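Q: A single structure is presented below for examination.
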Amino acid sequence: MRVLVTGGTGYLGTAIVAALERRRHEPVVFARKPAPGINAIAGDVTDAAGLARAARDTDAICHSAALVSIWERDRRRFHDVNVGGLRHAIAAARSAGHDRFVYTSSFLALPPRGASAPIRGNDYQRTKAEAARVADEAARAGFPITRLYPGVIYGPSTARSPEQITKSPDHQITKSAVRQSDLVGRLIRDQIAHAMPVMVGGDRIWSFAWIDDVAEAHVAALERGGADALMLGGENLPQRRLYEIVRDETGARVPRELPAAIARIAGAVETGRAWLTGRPPILTPATVAIFEHDWPLDSTAAENALNYSVTPLVEGVRRLLT
């Protein structure tokens, strides 16, 4: 199967491309700046005509492109990429006559535990929730769109940081090779480097999803087809458990809990600084709101439909530290 992968140079997109190749499919990366040496088409998901042209010579689309950020000076970009990009990808698939379409949503597009509707968090969360409604409408209209909702994705990446560090046998911090990942990898590196003295929402539940498990599920969904909505979570654990595992493996202390009220004030200050300087904030009040909720996921349906597997968090963290 020849599959157009939007966002194929991103963190998850790269893993999906690798998983497609392992399963003997032919991925075609659609990205603004594709890397040399890969089968790719340069383009932007905000360009409907360009995306439609790219889809013509493929059998399916895996739409993983998204603007993932806690803040952008031009807030309209979130809607253009996360909502408009999905609309354009669906239109391109329909024009090409595809009968398989996989969309990467987010756990943040779902209601947190105890809520009946998604919260209004930051612009990323807000537009992913809006895009989820677009995807649902397409499914109800008979479009064969499989909607996947990954949890907090973590795992190795292809790059390594010059300041990667891990533990020596006597638990002293030494420079060595700790693999990078997305949010979780940054948190681990900051904890080991003593660059993260506090955390927000340590007792709140996260669903930690190993990146290769999530990527393999995307390929299985493409092979299966259909219009399901499936959660791709992992172990549902308190955020604090991540830091405890790192402490046990490296000796790095667990960050202290920062009250949410203080975090919101800090986020407001950071947001003001961002508007003045143009540099992204470290924290925003809307992001704090996300950290104040529980986000467990039930992956049973994906386990049954896609043979989805869950890597235990302790195993995943150990892989990142070795």
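Q: Leaving out ligands and nucleic acids, note down the accessible area per residue over the chain with a 1.4 angstrom probe, in whole Å².
A: Numbers: 14470 Å² over 322 residues.
Ligands and nucleic acids excluded, the result is 45 Å² per residue.
Q: With every atom except the alpha carbons ignored, what do you get for Rg and Dmax of the chain, in angstroms?
A: My reading of the Cα-based Rg and Dmax gives 19.6, 61 Å.
Q: Then there is this: Full extension from A115 to A35: what is 0.36 nm times the residue separation minus their Cα-Cα distance, to one decimal in nm?
A: 24.6 nm is the gain from fully extending A115 to A35.
Q: Hey, in the GNM for the chain with a 10 angstrom Cα cutoff, which one of A92, A220, A195 fluctuates hardest?
A: Of the options given, A195 has the highest mean-square fluctuation.
Q: Now for a separate question. Which residues in region 7-50 place their backbone N less than 19 Å from a point set 7 Å from the Cα of R76 along the Cα-to-Cβ direction?
A: Output list for this probe position: 44-49.
Q: Now a separate question. Modelling each spin label as a point 7 Å along the Cα-to-Cβ direction, I'd like the V314/E21 distance in nm, to one decimal.
A: Placing both labels 7 Å beyond Cα along the Cβ direction yields 3.4 nm.
Q: If you average the alpha carbon positions of region 202-272 and of region 1-49, how far apart do those two centres end up, in angstrom?
A: 25
Q: Name the long-range amide H neighbours of I41: under 5 Å, sequence gap of 5 or more, or other chain; modelled H, no Pro or chain starts.
A: When sequence neighbours closer than 5 places are left aside, the close amide H contacts are V29, F30, A31.
Q: On full extension of the chain, what length is gained from E223 through A141, given 0.36 nm per residue of separation minus the C-alpha to C-alpha distance?
A: 27.4 nm
Q: Just the number, please: carbon plus sulfur as a percent of the accessible area of region 40-128, 1.4 Å probe, no ligands or DNA/RNA counted. Before the final figure, lay out each step's value.
A: Working: 1770 of 3900 Å².
C and S atoms contribute 45 percent here.
Q: Springs between alpha-carbon atoms under 10 Å, Gaussian network over the chain: tell me which of A40, A261, A96 tops the mean-square fluctuations.
A: Among A40, A261, A96, the largest mean-square fluctuation in the Gaussian network model of the chain belongs to A261.
Q: Let me ask something else. Would you kindly state the longest site-free stretch of the chain, with sites defined as trypsin sites (Lys or Arg not before Pro) in a DSSP loop (not H, G, I, E, B) surrounded by at most 16 other Cβ atoms within 10 Å? It would help to have the intermediate numbers written out before the result.
A: Values: sites that count: R23, R24, R32, R56, R73, R75, R113, R120, R160, R253.
Free of exposed loop sites, the longest segment is 161-252.
Q: To the nearest 20 Debye, how big is the dipole of the chain about its Cα centre, given +1 on the beta carbon of each Lys and Arg and -1 on that of each Asp and Glu?
A: For the chain, the charge dipole is close to 680 debye.
Q: For region 62-119, what is the largest minus smallest coordinate of the Cα atoms on each principal axis, given in angstrom and ordered from greatest to least?
A: 39, 31, 14
The values are calculated or read from the model by the stated rules, or taken from the named source; none is laboratory data. Note that this is a predicted model, so its numbers are computed, not measured. Cβ: placed from backbone, ideal geometry, glycine included. Neighbour counts: every protein chain shown. SASA here: full protein model, heavy atoms, side chains in, ligands and nucleic acids out. Shrake-Rupley method; radii C 1.70, N 1.55, O 1.52, S 1.80 Å.
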